[in-house]
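Single-structure report; data block below.
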Amino acid sequence: MTREAVVLWLHGGGWYSHETSDVSWLERLGLHVVPAQYRLSGEALWPAQLDDVRAAARAARVAGAPFIVGGDSSGGHLALHLGLRGIERPGDVDAVMAFEPPVDPLAEDWPRARAEGNPWHRLLGHVPAPGDAATRDCTVTTHVGGGTPVLLLHGLDDTAVPPTQSLDLAAALCRAGHRVHTLTTDGGHGELEFTRGDVLGFVRQFLDRIV
């Protein structure tokens, strides 16, 4: 792994608020972290957020340096979209790290994602629904393929975003030929202990294989 590797970090907050995260642990792993901003759902509807993080990625890339996108919660959702769909084209991001990401609002075990006023509703401007083009576009599993390596980390006690969101995505990524590193561990939403030895080791192993 090289210290020149760049991580574009996308914050969480349900797409409607800005929740800051301590990312100093990524810097201790030898990564240069660049935080990105994007329009919140109260300012613009999907896919404006993807447009914004693509623009941030263009500004953050360093020629010749590995480029990784990462994020927590809704930031993890955007990181997955950016990594799988690409900045200019699929394959131009070296890896994705997504922590407790919402992935699929139509998942059978997550009916709350389809309730009036939920964060997906705010993001799309309407309740997610089968057959809806915007729902399909914002669903991460729609865009698997291309082989971008992905790290997924999710708390088993997460009641805001079910851990099955990451587990189901991992299965879809594997079927599509991606290298996927997946870990579920103790903790609720926003309670992942990134400085814990096993978590750091898991992330370090992924980076050592990818960067």
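The values are calculated or read from the model by the stated rules, or taken from the named source; none is laboratory data. Just so it is clear, the model here is predicted, and its values are computed rather than measured. A quick note on method: Cβ atoms are made from the backbone with ideal geometry, for glycine too, and the neighbour counts reach across all protein chains shown.
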So residue 177 fits all but one of (1) at pLDDT 95 or above; (2) surrounded by fewer than 19 Cβ atoms within 10 Å (Cβ to Cβ); (3) in contact with a helix residue (DSSP H, G or I) (Cβ under 7 Å, 6 or more places away or on another chain); what number is the exception? (3)
Is it the case, given these coordinates, that residue 136 is touching a residue at least 40 places away in the same chain (Cβ under 8 Å) and surrounded by fewer than 21 Cβ atoms within 10 Å (Cβ to Cβ)? no
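Let me confirm something: among 45, 84, 50, which residue is in contact (Cβ under 8 Å) with a residue 24 or more places away in the chain, in contact with a His (Cβ under 7 Å, 6 or more places away or on another chain) and farther than 30 Å from residue 186 by Cβ?
On the way: 45 fails: in contact with a His (Cβ under 7 Å, 6 or more places away or on another chain); 84 fails: farther than 30 Å from residue 186 by Cβ.
Within the list 45, 84, 50, the selection yields 50.
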The lone exception for residue 111 - which of (1) under 20 Å from residue 75 (Cα atoms); (2) of a type outside the set (Val, Ile, Thr); (3) surrounded by fewer than 15 Cβ atoms within 10 Å (Cβ to Cβ) it fails: (1)
Given the conditions (1) in contact (Cβ under 8 Å) with a residue 24 or more places away in the chain; (2) under 14 Å from residue 80 (Cα atoms); (3) surrounded by fewer than 17 Cβ atoms within 10 Å (Cβ to Cβ), which single one is not true for residue 159? (2)
Among the numbered criteria (1) touching a strand residue (DSSP E or B) at 6+ places or on another chain (Cβ under 7 Å); (2) surrounded by 22 or more Cβ atoms within 10 Å (Cβ to Cβ); (3) of a type outside the set (S, T, N, Q); (4) over 30 Å from residue 196 (Cβ atoms), which single criterion is violated by residue 123? (1)
Does any residue in segment 13-27 that is closer than 18 Å to residue 198 by Cα come within less than 6 Å, Cβ to Cβ, of a residue that is at pLDDT 95 or above and surrounded by 12 or more Cβ atoms within 10 Å (Cβ to Cβ) six or more places away or on a different chain, and which pairs are these? 23/9; 23/33; 26/7; 26/33; 27/33
Counting only strands (runs of 3 or more DSSP E) entirely within segment 1-88, those with at least 2 residues that are more than 14 Å from the chain's Cα centre (by Cα) and surrounded by fewer than 19 Cβ atoms within 10 Å (Cβ to Cβ) are 32-36
